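Data first, discussion second: the structure below is written as structure tokens.
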Amino acid sequence: MTLAQHLLLVVHSGAETTPHLVEADAGLPQLAVMDVAATRGDGIFETLSVASGHPQALEAHLSRFERSARMLDLPAPDRGVWRDAILAVAERLAEYEESWIKTVLSRGIEGQPLPTGWVYGTVSPDFRRERTEGLGVVLLDRGYRSDVAQSSPWLLAGAKTLSYAVNRAAVREAQRRGADDVIFVSTDGLVLEGPTSTVLAKRGERLSTPPSEFGILPGTTQDDLFHAASDWGLEAIVEPLTPDDLRGADAVWLVSSVRHAAPVRAIDGAAMTVDAALTATMNGFLRSRRS
């Protein structure tokens, strides 16, 4: 079994029994073809980084996992079972400086009452280029207003669901335009998030990010960086941002659990300043977390 094939299944056995863990080989078939994870993308997930065997922002990821489950009317995840599964997989990754773990919970087999859940992990890709040279991004209209979470909660804006076809299509569109990634903008002209990341902008001594009330995923990496911002002489602010705010910023980043802080070097082809020193400080802080 290779490292990438280590898998720990989280099995929910029904209300009358305690959910338990079963280890399996990810290189062998495990998921039923009628599971709605595959047929409908009806489920949720979290991805968290692991530093030398230590899951980072573990409790924050578990809380967000529970939040997404509520939004999709899924059974509440047993926090202790999922934590144990994550820690067991992380222990397998202890010899690696950077790795990642994904937790997945689907509604299960079509027409049956039990959900399906699993946890797996592997070594992280090499993101040195993205963290140093930065990313070229394009601004793409997400197709709904910034108040979508309040006006249309059934669209599940801000839930971390398995339905990622639109996010992947947006990245392919960015690549067709010669860029690396995307920053979504609402139809009423406000900055939202990346397909797999949170947006940060530095303007003077302010480090800003858009509000999660705009129907975006609350960022665990952003939250950790905001708690550290005062140590770097910065005031962390959650506030609305426009595309012009980004273009006029001293620096912009896309931050996420596995890639960490990737500076934006260009927006729609227009060059942006890369703050190499602050980026290195951010990524050093993120790599050094042990909880």
**Message:** So, in region 31-59, exactly how many residues are under 14 Å from Val104 (Cα atoms), of a type in the set (Gly, Ala, Ser) and in a strand (DSSP E or B)?
**Reply:** 1
**Request:** Quickly run through region 201-215 and pick out the residues that are hydrophobic (A, V, I, L, M, F, W, C) and in a strand (DSSP E or B).
**Result:** Ala201, Leu207
**Prompt:** Regarding Ala179, is this residue under 13 Å from Leu139 (Cα atoms), among the aliphatic types (A, V, I, L, M) and not in a helix (DSSP H, G or I)?
**Reply:** yes
**First in region 74-95 and surrounded by fewer than 16 Cβ atoms within 10 Å (Cβ to Cβ), second anywhere and of a type in the set (Gly, Ala, Ser) and part of a helix (DSSP H, G or I), Cβ under 7 Å, 6 or more apart** = Ala76/Ala69
**Asked** Can Asp141 be described as exposed (fewer than 13 other Cβ atoms within 10 Å of the Cβ), acidic (Asp, Glu) and more than 25 Å from Glu66 (Cβ to Cβ)?
**Response** yes
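What about Thr279, is it surrounded by 24 or more Cβ atoms within 10 Å (Cβ to Cβ) and part of a helix (DSSP H, G or I)?
For Thr279, the condition - surrounded by 24 or more Cβ atoms within 10 Å (Cβ to Cβ) and part of a helix (DSSP H, G or I) - is not met.
Taken together, the values in this text are just the output of simple stated rules run on the coordinates, not laboratory data. A quick note: this is a predicted structure, and the numbers were derived from the prediction, not measured. With ideal geometry, Cβ positions are generated from the backbone for all residues, glycine too; neighbour counts draw on all protein chains shown.
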